[in-house]
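**Student:** After the structure tokens below, expect a handful of questions from me.
The values are calculated or read from the model by the stated rules, or taken from the named source; none is laboratory data. These figures come from a predicted structure and were not determined experimentally. Positions of Cβ are generated from backbone atoms using ideal geometry, with glycine treated the same way; all protein chains shown enter the neighbour counts. Side chains included, ligands, DNA and RNA excluded: accessible areas come from the protein's heavy atoms. Shrake-Rupley method; radii C 1.70, N 1.55, O 1.52, S 1.80 Å.
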Amino acid sequence: MKLIIQIPALNEQETIAEVIGALPRKVPGFTSIEVLVIDDGSTDNTVDIARRAGADHILRMGCNMGLARAFSAGMEEALALGADVIVNTDADHQYCADDIPALVRPIRDGEAKIVVGARPIRDNESFSPTKKLLQRFGSWVVRKCSGTDIPDAPSGFRAYSRDAAARMCVVNTYTYTIETLIQAGRKRIPMTWVPVRVNRVERPSRLFRGMGEYIRRSVATILRVFVMYAPLRFFASLAALCALPGIVGIVRFLGFYLSGDGSGHIQSLVLSSGLMAMAMVLMAVGILGDMIAANRSLLEDIRARDLLGATTRRRHDATILKLADAS
């Protein structure tokens, strides 16, 4: 089995060599371990340092495309390189590389297809009390939306089986962590988590400028992904919120009308009718969204089969070349 460890990097010349140097080169159950660095438009010496530090592959994005796009490009490249399992880690040396064997063990043993490394949030000295609280609350929201039990949703220290990696289709340009969890939960991909250790990171995050931006973007991502993968449930809930007061208003008007006092309450009837019309429109949008989601799911399955098929063909061709060289 081949394990590929991918590292999305943007201007990480200070830490990239340390990150690559700490990666294990032997993991039980794997015959080959390779390092893939995804250069997301670095303007410093990240690429040259990564090569000298021992990176086996460098994927250059050409310009800064964002973490989510770099992650997706790395997954596709790792699949093309014949990976059976892909581990994603950060280039800022936040995660302890010694925990990679524990991270991939559930996939190797067939217990799960995605494994998330859960950080010790309460004991993490790099997180402020406010960030710890928001991390726990955000992870709780993602668990409810995805139907999973992952305690650290924003963690980027993850392992994917070849099949799970091919089925990931990230459309968000900000971050992949929340979207892939909700997506995997909706697709019923077996997931689990393992506790991992972290290193102290001194520099501020480059993903967001402040806590306000982090909250705003995370909420927008959760809402967008939830609408994409559960549109009927989302719009049906909104329709119910409009329909319930509308029904109450209509019943109230009928009560007054039957008692002979309906002429003075025509405004409530108009308002209730408007709410019922909004509810019908929202329900129609939900039904259409559900049909679109079904088509998107079929397209994602086709994409996954194409990615896996291309990998299988490459392996087959490589085997034929080896046999030809041997003869």
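**Student:** About the Cα centre of the chain, how large is the charge dipole given +1 on each Lys and Arg Cβ and -1 on each Asp and Glu Cβ? Please answer in debye to the nearest 20.
**Tutor:** 580
**Student:** Which whole-number percentage describes the relative contact order of the chain, with Cα contacts under 8 Å and a sequence gap of 6 or more?
**Tutor:** 17
**Student:** At a 1.4 Å probe radius, carbon and sulfur cover how many percent of the accessible area of the stretch 39-147? Walk me through the numbers on the way to the answer.
**Tutor:** Working: 2230 of 4750 Å².
The nonpolar share, carbon plus sulfur, comes to 47 percent.
**Student:** Further question: On alpha-carbon atoms, Rg over Rh for the stretch 152-198 using Kirkwood Rh?
**Tutor:** My calculation of the ratio gives 0.94.
**Student:** Okay, moving on. Tell me the Kirkwood hydrodynamic radius of the stretch 43-108 in angstroms, computed as one over the mean inverse distance between distinct C-alpha pairs.
**Tutor:** After inverting the mean inverse Cα-Cα distance, the result is 13.7 Å.
**Student:** Right, next: Looking at Asn88, Leu269, Val170, which one has the Cα that reaches farthest to the positive end of the dipole of the chain (charges on Cβ: Lys, Arg +1; Asp, Glu -1)?
**Tutor:** Of the listed residues, the answer is Leu269.
**Student:** Could you sort 105-115, 18-28, 251-261 so that the peptide with the highest average Cβ count within 10 Å comes first and the rest follow in order?
**Tutor:** With the highest mean Cβ count within 10 Å placed first, the list reads 105-115, 18-28, 251-261.
**Student:** Right, next: Output the DSSP H helices from the chain with an along-axis C-alpha extent of no less than 18 Å and a mean Kyte-Doolittle hydropathy no less than 1.0.
**Tutor:** Once both thresholds are applied, what remains is 231-258.
**Student:** May I pose another question? Three principal axis extents, largest first, for the C-alpha atoms of the stretch 211-293, in Å?
**Tutor:** The principal-axis extents, from largest down, are 55, 34, 13 Å.
**Student:** Further question: May I ask you to give the solvent-accessible area per residue for the chain, in square angstrom, as obtained with a 1.4 angstrom probe?
**Tutor:** About 51 Å² of surface per residue is accessible.
**Student:** Eigenvalues of the Cα gyration tensor times 5, then square-rooted: what semi-axes does that give for the stretch 57-202, in whole angstrom, largest first?
**Tutor:** 22, 18, 16
**Student:** Quick check on my link table: of Lys26/Lys187; Lys113/Lys144; Lys2/Lys187, which ones sit more than 28 Å apart, alpha carbon to alpha carbon?
**Tutor:** With Cα atoms farther than 28 Å apart: Lys26/Lys187.
**Student:** Mind pulling up the Rg/Rh value for the chain? Radius of gyration and Kirkwood radius, both on Cα.
**Tutor:** That ratio equals 1.11.
**Student:** Subtracting the Cα-Cα distance from 0.36 nm times the residue separation, let me have the gained length for Thr173 to Phe256 in nm, one decimal.
**Tutor:** 24.5 nm
**Student:** Using a simple spin-label model with points 7 Å from Cα along the Cα→Cβ vector, what separation in nm is obtained for Ile215 and Leu232?
**Tutor:** Once both label points are built, they end up 3.5 nm from each other.
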